[in-house]
Amino acid sequence: MAFLELRRRSLSSSLIRRLRAAATAGSRPFTTCEGSRPTIVHKRSVDILHDPWFNKGTAFSMTERDRLDLRGLLPPNVITPQQQIDRFMVDLKRFQVNARDGPSDTNALAKWRILNRLHDRNETMYYKVLIDNIEEYAPIVYTPTVGLVCQNYSGLFRRPRGMFFSAEDRGEMMSMVYNWPADQVDMIVVTDGSRILGLGDLGVQGIGIAIGKLDLYVAAAGINPQRVLPVMIDVGTNNEKLLKDPLYLGLQEHRLDGEDYLSVIDEFMEAVFTSLGMLLFRYMKWFFYIFEDFQSKWAFKLLQRYRDHYRMFNDDVQGTAGVAIAGLLGAVRAQGRPMIDFPKQKIVVAGAGSAGIGVVNAARRTMARMLGNNESAFESARSQFWLVDAMGLITEERANIDSEALPFARKINEAGHQGLREGASLVEVVKKVRPDVLLGLSAVGGLFSKEVLEALKDSSSTRPAIFAMSNPTKNAECTPEEAFSIVGDHIIFASGSPFCDVNLGNGKIGHSNQGNNMYLFPGHTLENTELALVPFFPGTRVISDGMLQAAAECLAAYMNDEEVLKGIIYPSISSIRDITKEVATAVVREAVVEDLAEGYRDMDARELSRLNKEETSEYVQNNMWNPVYPTLVYRTE
Ligand SMILES: NC(=O)C1=CN([C@@H]2O[C@H](COP(=O)(O)OP(=O)(O)OC[C@H]3O[C@@H](n4cnc5c(N)ncnc54)[C@H](O)[C@@H]3O)[C@@H](O)[C@H]2O)C=CC1
Ligand SMILES: CC(=O)C(=O)O
Ligand SMILES: [Mg+2]
């Protein structure tokens, strides 16, 4: 007996609980089968998923998911134990997969797996590794490798991360939110998987993009990883391959549309707002919804629908716009001209989706502000843009033109004057317009063909700029090698996914800038600065255009003249933590100017307004999360 007592004391209490449970059931937990006596468990929710004895992963039935508070913590498709094994074996037998075009990255997916395992074991260490090696690992946790991860999600899935709300959960979402183990959330990145990078509809597998984006926000901007929530809203998929794949983890039905679709998103927004809001109220904090990779059809509509009611931001529309403007202003400086000359730039944009339209809208507003910020300035700025989509140049003659594209449709007489017409090809447009900037957000790899780039040689600019912003790498409109070799050494080049610089010979380097919306996001105003934000209530504009503009200008001004003249228009990702601090500082100061800043904890709005730039920056820095182990102390409940 004494021996048994000694043994008992040396066992951890959780182990004892498990042994008791197993003894009560008379069998080992994982041998329990339908019809046999159930195993009693003394834990719920993620604790079950993290317990190798009890975890069944995607094989938990819906009844068990409800009974054990697991609903929403797993992808919605319940699969059989045999399917689980099939999925594992498919993955086990897949070795290296090329994530990028070059041979140097054949191990990208293997690196992702190793990092992902570390993420599951030790978050602090994971983020320390990521922050200290951001240049090397950002392309692994984010574009381009994250694209490959999403495409192969069924095979790579081990432990769930984030939450899944599906069309099957209608009516349940409010209570599901309580299954999330953290009671503080600052930032939710949510996708419906309908347009993941340039890879199209990946359904439930799109959760990878929400996780990857948040990883960067944590590493780059010091958002607290315990307070972020990646979310996948599964409303089905129109990807026929996934619909037929027996190992797919999402709902195997076509996407909901119209009111059915909206009702799911509405319920999610309301459920999270109400449930998390109640939890957060005691901290006097609110959170941001960041919409990521929704197909354009819904991106704009949802932005309009929610932006005045929730703190929400569409990264592809608004974040991309801010980053593109920073790059466009940098390109003006690289021509040796002041930024104020931006309204003279002729800009051809290939791609009129959420990203392309977001960019032209914001660039037009920036030009208008520079021209005097009045109606005629706004009208005159319109004529600096030529928008080309899959059907060619968009003019007023276009039938069924999207309402978002309409303001940029070229007038018939204008187009005719330039020898252009409705549907003119990209190469024709480049030839006739001779643009200063050719910007691609089309998701079509190689769209800036030899012919298009040859045409750009006749640009009226002294330094034409090429922004091949589509992701991942294989979707970039052209590579820097193609751009420099065809158009010339003098160009400015930026891409959405990272490329290496190009050796131009004679000691000259062709700089390859990364223009990606990871540099700008509303989290700049979060962990550090609720104070930058207005108090939340319906009808309040949360992120003003002025704040976004301040962020873009700060990013543009980050590079010194010498760097810009060398063609470096975006800072290196290795300095991203410093960049985000600077951008956050600029946003806070703009919020103070616009009287949108609110006090928070030890600093009220009035005190904040008295801080100079350095003090604001220091305040921001002090509030960034750092990956250091906290001291832990045990206390009984
Ligand atoms: N670098 C960055 O920070 C960002 C990059 N992106 C990338 O931008 C791309 C597009 O994203 P969305 O606008 O959301 O997609 P989308 O699918 O809504 O829009 C694509 C647009 O490209 C047009 N297009 C297709 N084929 C074309 C062709 N041959 N010539 C000209 N236009 C063509 C389509 O008509 C459509 O207007 C994606 O690859 C995405 O990864 C998106 C957001 C941020
Ligand atoms: C960067 C990004 O948000 C995209 O490619 O969709
Ligand atoms: Mg995106």
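The values are calculated or read from the model by the stated rules, or taken from the named source; none is laboratory data. Everything quoted here is computed from the prediction, not taken from an experiment. Because the Cβ atoms are built from the backbone with ideal geometry, glycine has one as well, and the counts that use them run over all protein chains shown. Only protein heavy atoms, including side chains, enter the accessible area calculation; ligands, DNA and RNA are left aside. Shrake-Rupley method; radii C 1.70, N 1.55, O 1.52, S 1.80 Å.
Residues of region 477-520 that are within 16 Å of ligand 3 (Cβ to nearest atom), open to solvent by less than 10 Å² (accessible area, probe 1.4 Å) and either charged (D, E, K, R) or in contact with a strand residue (DSSP E or B) (Cβ under 9 Å, 6 or more places away or on another chain) (or both): S495, G496, S497, G515, N516. In region 442-501, of all residues being among the β-branched types (V, I, T) and within 16 Å of ligand 2 (Cβ to nearest atom), the one that is modelled with the highest pLDDT corresponds to V444.
Of the residues screened, L303 is not one that is farther than 23 Å from R195 by Cβ, more than 12 Å from ligand 1 (Cβ to nearest atom) and either modelled with pLDDT of 95 or more or not in a loop (DSSP other than H, G, I, E, B) (or both). Of the listed requirements (1) part of a helix (DSSP H, G or I); (2) at pLDDT 95 or above, E397 misses just one: (1).
Being touching a residue at least 12 places away in the same chain (Cβ under 8 Å) and either of a type outside the set (V, I, T) or over 20 Å from Y217 (Cα atoms) (or both) is a description that does not apply to V583. When the residues of region 552-580 are filtered to those that are among the acidic types (D, E) and without any contact (Cβ under 8 Å) to a residue 12 or more places away in the chain, which remaining residue is farthest from A219 (Cα to Cα)? If we take residues in region 552-580 being among the acidic types (D, E) and without any contact (Cβ under 8 Å) to a residue 12 or more places away in the chain, then E562 is farthest from A219 (Cα to Cα). Within region 201-224, the set of residues being within 13 Å of ligand 2 (Cβ to nearest atom) and touching a residue at least 60 places away in the same chain (Cβ under 8 Å) comprises G206, G208, I209, A210, G212, K213, L216, Y217.
Looking at D201, D183 in this structure, which one is surrounded by fewer than 24 Cβ atoms within 10 Å (Cβ to Cβ), within 25 Å of G440 (Cα to Cα) and out of contact with any strand residue (DSSP E or B) (no Cβ under 6 Å at 6 or more places or on another chain)? Checking each option against the conditions leaves just D201.
Figure legend. Inter-residue proximity from region 65-86: first residues polar (S, T, N, Q), second residues at pLDDT 90 or above and open to solvent by 40 Å² or more (accessible area, probe 1.4 Å), beta-carbon distance below 9 Å, spacing 6+ or different chains. Indicated pairs: N77/Q252; Q83/P246; Q84/K56.
Under the condition of being over 18 Å from Q318 (Cα atoms), out of contact with any helix residue (DSSP H, G or I) (no Cβ under 6 Å at 6 or more places or on another chain) and open to solvent by less than 20 Å² (accessible area, probe 1.4 Å), the residues counted in region 350-378 number 0. Among the residues of region 198-214, the ones that are farther than 17 Å from F157 by Cβ and not basic (K, R) come to 5 in all. Residues of region 39-70 that are open to solvent by 30 Å² or more (accessible area, probe 1.4 Å) and in contact with an Asp or Glu (Cβ under 7 Å, 6 or more places away or on another chain): K43, R44. Scanning region 92-146 for residues that are open to solvent by 40 Å² or more (accessible area, probe 1.4 Å), under 17 Å from F499 (Cβ atoms) and either of a type in the set (D, E) or modelled with pLDDT of 90 or more (or both) yields a count of 4.
Counting residues in region 231-249 that are away from ligand 3 (no atom under 16 Å from the Cβ), of a type in the set (D, E) and surrounded by 18 or more Cβ atoms within 10 Å (Cβ to Cβ) gives one or more.
Just wondering, is there one or more residues in region 277-294 that are within 16 Å of ligand 1 (Cβ to nearest atom), more than 26 Å from Q514 (Cα to Cα) and without any contact (Cβ under 8 Å) to a residue 60 or more places away in the chain? No - not one qualifying residue is present in region 277-294.
Could you tell me whether region 281-296 includes any residue that is within 16 Å of ligand 3 (Cβ to nearest atom) and open to solvent by 10 Å² or more (accessible area, probe 1.4 Å)? Yes, region 281-296 has at least one match.
Exactly one residue out of A355, A363, A331, A326 is within 16 Å of ligand 3 (Cβ to nearest atom), touching a residue at least 24 places away in the same chain (Cβ under 8 Å) and at negative phi: that is A355. For region 430-445, filtering for residues that are more than 21 Å from G330 (Cβ to Cβ) and within 10 Å of ligand 1 (Cβ to nearest atom) leaves 4. For region 480-510, filtering for residues that are within 15 Å of ligand 1 (Cβ to nearest atom) and in a loop (DSSP other than H, G, I, E, B) leaves 4.
Look at K344 and say whether it is out of contact with any helix residue (DSSP H, G or I) (no Cβ under 8 Å at 6 or more places or on another chain) and within 16 Å of ligand 3 (Cβ to nearest atom). The answer is no for K344. Given the criteria crowded, with 24+ Cβ neighbours inside 10 Å, part of a helix (DSSP H, G or I) and modelled with pLDDT of 95 or more, does A381 qualify? The answer is no for A381. Taken over region 143-163, the residue count meeting the criterion of being among the aromatic types (F, W, Y) and under 9 Å from G208 (Cα atoms) is 1.
Of all the numbered requirements in (1) open to solvent by 30 Å² or more (accessible area, probe 1.4 Å); (2) modelled with pLDDT under 95, L276 misses one, and that requirement is (1). Of the residues L439, L387, only one is within 16 Å of ligand 2 (Cβ to nearest atom), closer than 14 Å to V349 by Cβ and either touching a residue at least 40 places away in the same chain (Cβ under 8 Å) or crowded, with 19+ Cβ neighbours inside 10 Å (or both); which? Just one listed residue meets the conditions, L439.
In region 396-418, the residue that is farthest from G353 (Cα to Cα) out of those that are open to solvent by 40 Å² or more (accessible area, probe 1.4 Å) and among the aliphatic types (A, V, I, L, M) is I412.
Given the options I211, I223, name the one that is open to solvent by less than 30 Å² (accessible area, probe 1.4 Å) and in contact with a strand residue (DSSP E or B) (Cβ under 9 Å, 6 or more places away or on another chain). Criteria check complete, one pass: I223.
Where helices (runs of 4 or more DSSP H) sit wholly within region 101-206, those with at least 1 residues that are more than 16 Å from ligand 1 (Cβ to nearest atom) and aromatic (F, W, Y) occupy 108-121, 123-132, 134-141, 153-156.
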